[in-house]
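What follows draws every value from the coordinates through simple rules; no lab data is involved. Predicted model, so just to flag it, every value in this text is computed and none were measured. Backbone-built Cβ (ideal geometry, glycine too); neighbour counts: all protein chains shown.
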Amino acid sequence: MSETDSLAVTDVRPFVPAEDFEQSLAFYTSLGWTTLWTDRQGLALLSIGGRQMMLQDLYVRDWAENSMLVVEVADAAAWYRHVQLILADGDFGDARVAEPKQQDWGALVSYVWDPCGVLLRFPALGRCSRRTTVPSTHAGATGAGAAAPDDAPPRSAAGRWPAAEAQNASGPAGCSRRRGR
């Protein structure tokens, strides 16, 4: 085995916080995640679309409300409608969904907050021009005191929005996030 083979990455799994583990597990399962494994003590391996995450029974408010997952989808509007139905039929605490917004970098994005405030972005990536830019006012904006860009999702109940959202950190491949490129 070569050194290159030894360094091959086989997976990356974010750990996602849960204030009420059972409620968050039910939320993600209702959305379509599958539980692949659980220790039945507050840790679960979830999968959707061949991608995985670890849901854990650990809650730190600042961490949860500044965490974001991007789940690329074929149809952001369909996900918006799907989440609306899930929220109407279940008891998922503070979970909520915002109407999809067209982003200047070519994606329609639905925004969903899980029961403890983690932001899930569901972008349906469209064609992207090499001239896609992010206004310079977005750069450096952080935390609860920063002004929200026009295309930012509504703030959480605590008045926060993820700093990464201001930078369109998950723009589509091949699209520059710098002005003038």
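Could you put ASP94, ASP5 in order, starting from the residue whose Cβ has the fewest other Cβ atoms within 10 Å?
With the fewest neighbours first, ASP94, ASP5 line up as ASP5, ASP94.
Note the full-extension length gain between TRP63 and THR29 as 0.36 nm times their separation in residues minus their Cα-Cα distance, in nm to one decimal.
This chain segment gains 10.0 nm when fully extended.
Go through GLY93, MET53, PHE27 and say which Cα lies farthest out towards the positive end of the charge dipole of the range 11-113; charges sit on Cβ, +1 for Lys and Arg, -1 for Asp and Glu.
MET53
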